[in-house]
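Report on one structure; see the data block that follows.
The values are calculated or read from the model by the stated rules, or taken from the named source; none is laboratory data. These numbers come from a predicted model, not from an experiment. In this analysis, Cβ positions are derived from the backbone assuming ideal geometry, glycine residues included, and neighbour counts consider all displayed protein chains. Side chains included, ligands, DNA and RNA excluded: accessible areas come from the protein's heavy atoms. Shrake-Rupley method; radii C 1.70, N 1.55, O 1.52, S 1.80 Å.
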Amino acid sequence: MPIVTIDVIKGVFTKEQKEEMIRRVSEIVAEIECRPDPKENLLPFVYCIVREAEWGNFATNGAPLTPEMLHAVKKGIVHLAIEQP
């Protein structure tokens with residue numbers, strides 16, 4: 001019985017997006033683990049937990065991720081380096 005934990009930043013994903021994430025990740029995990037048998041055999045036993053971190057408790061390259069940085073990434077404006085404070 002696999003247990004999958006997905007960590008996200010609080011408020012970034014809607015309830016519907018989190019439900020889709022849980023469903024799709026669970027299906028992939030069941031498919032991979034159950035091969036060559038049907039994934040439907042294992043799917044009811046795949047546990048998925050979504051944990052939401054507060055802004056300021058989520059960092060990359062040693063610097064806290066900000067809402068502005070996330071919006072820039074979503075729009076395709078990717079920073080190759082993040083300046084340290």
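Pairs linking a residue in the stretch 21-48 that is closer than 11 Å to I3 by Cα and open to solvent by 100 Å² or more (accessible area, probe 1.4 Å) to a residue that is among the polar types (S, T, N, Q) and at pLDDT 95 or above, with Cβ atoms under 7 Å and 6 or more positions apart or on different chains, do not occur.
Residues of the stretch 12-61 that are under 12 Å from the mean Cα position of the chain (by Cα), among the aliphatic types (A, V, I, L, M) and in a helix (DSSP H, G or I): M21, I22, V25. Looking across N41, N57, one residue alone is at pLDDT below 95 and more than 25 Å from G11 (Cα to Cα). It is N41. Of the residues making up the stretch 22-43, none is out of contact with any Cys (no Cβ under 8 Å at 6 or more places or on another chain), basic (K, R) and within 24 Å of P64 (Cα to Cα).
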